[in-house]
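Presented below is the structure to which this report refers.
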Amino acid sequence: MLMLGADAIWPLRGEAVADGGVTFEADRADDQAVVTAVAQPVLLEFRPANPNGRAMLVLGGGGYVALMAGREGVQVARWLNGLGFAAYVLIHRFPTAAHGPAASLDDADAAMRLIRTRAHKAVGVVGLSSGGHLAACLAAARPAAWPGDAPERPDVMVIGYAPISTNAAGRTIVTDKPPLPPVEKQALYDALQPDVQLRSGPPPAFIVYAGNDPVVPVANAHRLHAAWLAAGGAAELHVFADAPHGFALDTVGLPVSAWPRLCAAWLRQVGFL
C-alpha cells in the first residue's frame, strides 16, 4: 500500500523486502491508514506544489505498537505541503524482541540524515503522540548503553500530546502504573526521557497539548517546556483546556482545531516559513 501522492524512499538500511515489510489494517483510506507491523522502515515523500525549500520529517503516533500513518502522517504531510514544505512520513519499526528498544530512534535518526542529503535549506520535524516522544528524542542525548552517535537534530520541532517521560519507571503520574508491554517498549521509555537528556541549545519548538488528556497527562507538556528553557532553547507552549487525546488535524468544533494555524504563524515568526 503506497500512500496516495507519495514516493517511497526505502529501505533506510539494508536490502529491500517485499512490499517494504509493512502491514496495514485492511480497508482504510490513505488518510486513515493504520500500520500494525513493520519489518523494515519506509520513508514516504510528499512533494508540495509550491516548494519553500524546506522539509519536515513527520512522525505519527500509535504508542510504539501501531502507527497512525493516515491521521498523523498523511494528513500532516498534506497540511505541510500546503505551506510549501516537502514532507517525509516515516513508517518506523517498533520496539520489539525482534528489533530491540532502539529501533524507532535508529529509524528516525536515519530518516533525518537521509533527508539532509536531499538539498533542502533546512529540515524540521513534526511528531504527534508517541511520534512526539520520538521527535523530542532527536534533540536528546543517546543513552550511553546504546551504541551510536548522537541523533541528527532537526532545525525546528513541532511536538504534540507526546508521552515525554510519564511512562518512565519512577516518573509516572498515574499511581502504581504497571510497565507497558512489550518489555522493549518500556525499556525505550525508561532509557529515553527527553526532558532529562535534552542536549544544550535545542532548536525552536512548538508544543501543543490538551489539558484534560486522559491518555497523556499534561505534565508531559510542562516537563518538556521547562527542559527546553533550561537547556537554553526557545519553546512556545499551547495547552487547550478540552480536547481528546490524538486530536491531530481533524478534530473540528473545538478550540484545539486552531492549533495548525497557530503553528504556521509560529513557523513564520521563527523564520522557518
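The values are calculated or read from the model by the stated rules, or taken from the named source; none is laboratory data. These numbers were taken from a predicted model, which means no experiment stands behind them. So basically every Cβ, Gly included, is an ideal-geometry build from the backbone, and we count neighbours across all protein chains shown.
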| Name the pairs: first residue in the stretch 241-252 and among the acidic types (Asp, Glu), second residue loosely packed, with under 15 Cβ neighbours inside 10 Å and at pLDDT 95 or above, Cβ to Cβ under 7 Å, at least 6 apart or on different chains? | ASP242/ASN212; ASP242/LEU254
| said: For the structure I just gave you, tell me whether VAL239 is assigned to a strand (DSSP E or B), hydrophobic (A, V, I, L, M, F, W, C) and at pLDDT 95 or above. | reply: yes
| task | Determine which single condition SER200 fails, assuming it passes every other condition in (1) of a type in the set (Ser, Thr, Tyr); (2) out of contact with any helix residue (DSSP H, G or I) (no Cβ under 9 Å at 6 or more places or on another chain); (3) assigned to a loop (DSSP other than H, G, I, E, B); (4) free of Cβ contacts under 8 Å to residues at least 24 places away in the same chain. | result | (4)
| remark: Scanning the stretch 165-182 for residues that are closer than 18 Å to ALA66 by Cα and of a type in the set (A, V, I, L, M) gives LEU180
| Residue check, ASP7 against (1) modelled with pLDDT under 95; (2) in contact with a strand residue (DSSP E or B) (Cβ under 6 Å, 6 or more places away or on another chain); (3) closer than 19 Å to SER129 by Cα; (4) not aromatic (Phe, Trp, Tyr), all met but one. Which one? | (3)
| request: Could you check LYS185 against (1) in contact with a strand residue (DSSP E or B) (Cβ under 7 Å, 6 or more places away or on another chain); (2) touching a residue at least 60 places away in the same chain (Cβ under 8 Å) and say which number it fails? | output: (1)
| said: Take the conditions crowded, with 17+ Cβ neighbours inside 10 Å, more than 17 Å from the chain's Cα centre (by Cα) and either within 25 Å of ALA77 (Cβ to Cβ) or not basic (Lys, Arg) (or both) and apply them to VAL256. Does it pass? | reply: yes
| Are any of the residues in the stretch 68-75 out of contact with any His (no Cβ under 7 Å at 6 or more places or on another chain) and surrounded by fewer than 17 Cβ atoms within 10 Å (Cβ to Cβ)? | no
| message | Any residue at all in the stretch 93-115 that's in contact (Cβ under 8 Å) with a residue 60 or more places away in the chain, part of a strand (DSSP E or B), out of contact with any Cys (no Cβ under 7 Å at 6 or more places or on another chain) and surrounded by 24 or more Cβ atoms within 10 Å (Cβ to Cβ)? | response | no
| Looking at (1) in contact (Cβ under 8 Å) with a residue 12 or more places away in the chain; (2) surrounded by fewer than 20 Cβ atoms within 10 Å (Cβ to Cβ), which is the one condition that is false for LEU224? | (2)
| Meets criteria (in contact with a Cys (Cβ under 9 Å, 6 or more places away or on another chain), at pLDDT 95 or above and either surrounded by 13 or more Cβ atoms within 10 Å (Cβ to Cβ) or among the hydrophobic types (A, V, I, L, M, F, W, C) (or both)) for LEU192 | yes
| remark: Of the residues in the stretch 155-197, those that are in contact with a helix residue (DSSP H, G or I) (Cβ under 6 Å, 6 or more places away or on another chain) and assigned to a helix (DSSP H, G or I) come to PRO194, ASP195
